[in-house]
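Undergrad: Shown below is the structure under consideration.
The values are calculated or read from the model by the stated rules, or taken from the named source; none is laboratory data. The structure presented is a predicted model; accordingly, all values stated were derived computationally and were not measured. Neighbour counts run over all protein chains shown; Cβ positions are idealised from the backbone, glycine included. These accessible areas exclude ligands, DNA and RNA; they are computed on the full protein's heavy atoms, side chains included. Shrake-Rupley method; radii C 1.70, N 1.55, O 1.52, S 1.80 Å.
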Amino acid sequence: MCYRLLGATASLALLAVGPAAAQSTEITIWSWNVAASALKSTLEGFNQKYPDIKVNVQDLGNDQVFDKTLAACAAGGDGLPDIVTVENFEAELFWSRFPDCFTDLTALGYTPEMQALFPEFKRTELEIDGAAYAMPWDSGPVAVFYRRDFYEKAGVDPASIKTWDDFLAAGKKVMEANPGTVMAQADFNGDSEWFRMISNEQGCGYFSTDGETITINQPACVATLEKVKEMKDAGIITAAIWDEKIQANTAGKAASQMYGAWYEGTIRSGSPDLSGKWGVYPMPSLTADGPHAANLGGSSLAISEGSENKEAAFKFVEYALTTNEGQVAMLKSFGLVPSLLSAVEDPFVKQPQPYWGGQAVWSDILSTLPKIKPARGTAFQSDADSIYQAVQAKYFANGYPDAKTALDDAAKQIESATGLPIAE
């Protein structure tokens, strides 16, 4: 792949010293909702360091950013801002279809030492064939959020929940001790969230980590689907969409929710009167000695190849994403979970959080970052996910004799849709 990056080093030098440093520059960022607000929270600190770079953060909404970016890349990059927020889930669609739409950040100063500041799982979908198309921003290390009072009433110590079998047994106790309460909820009808979280924990996914083969029917994925159905059939996990989960949290109808760590802000802001009643513990595993870390969600920042302010844009990205100051400002103000490994050592991260019963939840959650296994979405993530969801629904309705048959069917459908081979 060829990039128009000649003179990048010289441009950086000119920006750092001499007359160019005094010249005012404005850069524009496309983002959405809380993410946009979080970026704005870094501006005071950034402008203390770079007073001559004005940053214009535009909140366009998630779907709008994706649609406008896709259309602009299809038009040769025309109309893109300097910086675009890209969800990891969708990232490889852009890199594979429009390899010349975004700048290779390594030419702007994104050195191997800087790349090593982030965990491998966040970089896997952003760095292809030696090119780094985006820098990791927020992440979604998975945790179980639970009602302390409900568990205590049932005599369940969350520290004793090591396996999903433990979680199932605990769920029965919690629900018996707290009538009208369900142990956990999942969007079984419109999402693949629980399968993706547990399969990632077990080192399996729709595709291999090199993106070359289909692996959804591998043994770890099969074991994952079997366990999710077992918990669903036992009644400890019931179907609920996003808004229903929030309502259940506030009404005291859910004893637990499992999500990426960004869900901390959803619970805290959605159920403010329940301060002190919630806690966090690591996700269980399929075996007692198995892994207890996974990721769900997260995004990155990419610099458009057509930007006339690449060096200034990189300075902002570098400040916001590679410094504890920038990352923790976003964590404090809007609960965006850092991908930066050093953030776990920040004093704020180590502080007990009153809402969470005095638990240092951020320290507990961020400590799992180095343990999360990489997963590739590839350019076919949306296709594969839609196929899986249909297979999941049929399997839950006993439309397949077993999980292996179900995922073999999913693998064959994904093979037809993508042209990729099924792994042996």
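Undergrad: Hey, among ALA36, ALA91, which residue is of a type in the set (A, V, I, L, M, F, W, C), under 17 Å from LEU336 (Cα atoms) and open to solvent by less than 10 Å² (accessible area, probe 1.4 Å)? Reasoning before the result, please.
TA: Numbers: ALA91 fails: under 17 Å from LEU336 (Cα atoms).
ALA36 is the lone residue from the list that is of a type in the set (A, V, I, L, M, F, W, C), under 17 Å from LEU336 (Cα atoms) and open to solvent by less than 10 Å² (accessible area, probe 1.4 Å).
Undergrad: Is it true that LYS227 is over 24 Å from the mean Cα position of the chain (by Cα) and open to solvent by 10 Å² or more (accessible area, probe 1.4 Å)?
TA: Considered against the rule, which asks whether it is over 24 Å from the mean Cα position of the chain (by Cα) and open to solvent by 10 Å² or more (accessible area, probe 1.4 Å), LYS227 comes out as no.
Undergrad: Could you check how many residues of region 352-382 are touching a residue at least 24 places away in the same chain (Cβ under 8 Å), crowded, with 16+ Cβ neighbours inside 10 Å and on the phi < 0 side of the Ramachandran plot?
TA: Adding up the residues that qualify gives 19.
Undergrad: Among the residues of region 176-201, count how many are touching an Asp or Glu at 6+ places or on another chain (Cβ under 7 Å) and of a type in the set (Gly, Ala, Ser).
TA: Qualifying residue count, region 176-201: 2.
Undergrad: Shifting gears a bit: Evaluate region 174-186: report whether one residue or more is closer than 16 Å to GLY290 by Cβ, over 21 Å from the mean Cα position of the chain (by Cα) and at pLDDT 95 or above. If you could, list the steps in order and put the result at the bottom.
TA: Initial filter on region 174-186 (closer than 16 Å to GLY290 by Cβ): none.
For region 174-186, residues closer than 16 Å to GLY290 by Cβ, over 21 Å from the mean Cα position of the chain (by Cα) and at pLDDT 95 or above: absent.
Undergrad: Still on this structure: Select from region 110-146 the residues that are open to solvent by 10 Å² or more (accessible area, probe 1.4 Å) and either part of a strand (DSSP E or B) or among the hydrophobic types (A, V, I, L, M, F, W, C) (or both) and list them in ascending order.
TA: Answer for region 110-146, where residues must be open to solvent by 10 Å² or more (accessible area, probe 1.4 Å) and either part of a strand (DSSP E or B) or among the hydrophobic types (A, V, I, L, M, F, W, C) (or both): MET114, ALA116, LEU117, PHE121, GLU127, ILE128, ASP138, TYR146.
Undergrad: Counting only residues that are polar (S, T, N, Q) and either assigned to a loop (DSSP other than H, G, I, E, B) or under 15 Å from GLU226 (Cβ atoms) (or both), how many does region 383-406 have? Reasoning before the result, please.
TA: Taking region 383-406 as the starting set, the residues that turn out to be polar (S, T, N, Q) are 386, 389, 392, 398, 405.
Those left that are additionally either assigned to a loop (DSSP other than H, G, I, E, B) or under 15 Å from GLU226 (Cβ atoms) (or both): 392, 398, 405.
Of the residues in that region, 3 qualify.
Undergrad: Would you check which residues across region 352-377 are assigned to a loop (DSSP other than H, G, I, E, B), touching a strand residue (DSSP E or B) at 6+ places or on another chain (Cβ under 8 Å) and over 26 Å from GLY290 (Cβ atoms) and list them?
TA: If we filter region 352-377 for residues that are assigned to a loop (DSSP other than H, G, I, E, B), which is where we start, we get 352, 357-358, 360, 367-368, 372-377.
With touching a strand residue (DSSP E or B) at 6+ places or on another chain (Cβ under 8 Å) added as a condition, the list becomes 352, 357, 360, 368, 372, 375-377.
Listed by number, the residues that qualify are PRO352, GLY357.
Undergrad: Still on this structure, please answer the following. Please give the number of the condition PRO81 fails out of (1) assigned to a loop (DSSP other than H, G, I, E, B); (2) surrounded by fewer than 17 Cβ atoms within 10 Å (Cβ to Cβ); (3) not acidic (Asp, Glu).
TA: (2)
Undergrad: Select from region 7-25 the residues that are surrounded by 12 or more Cβ atoms within 10 Å (Cβ to Cβ) and not in a helix (DSSP H, G or I) and write down the one among them that is modelled with the highest pLDDT.
TA: Top of the filtered list is THR25.
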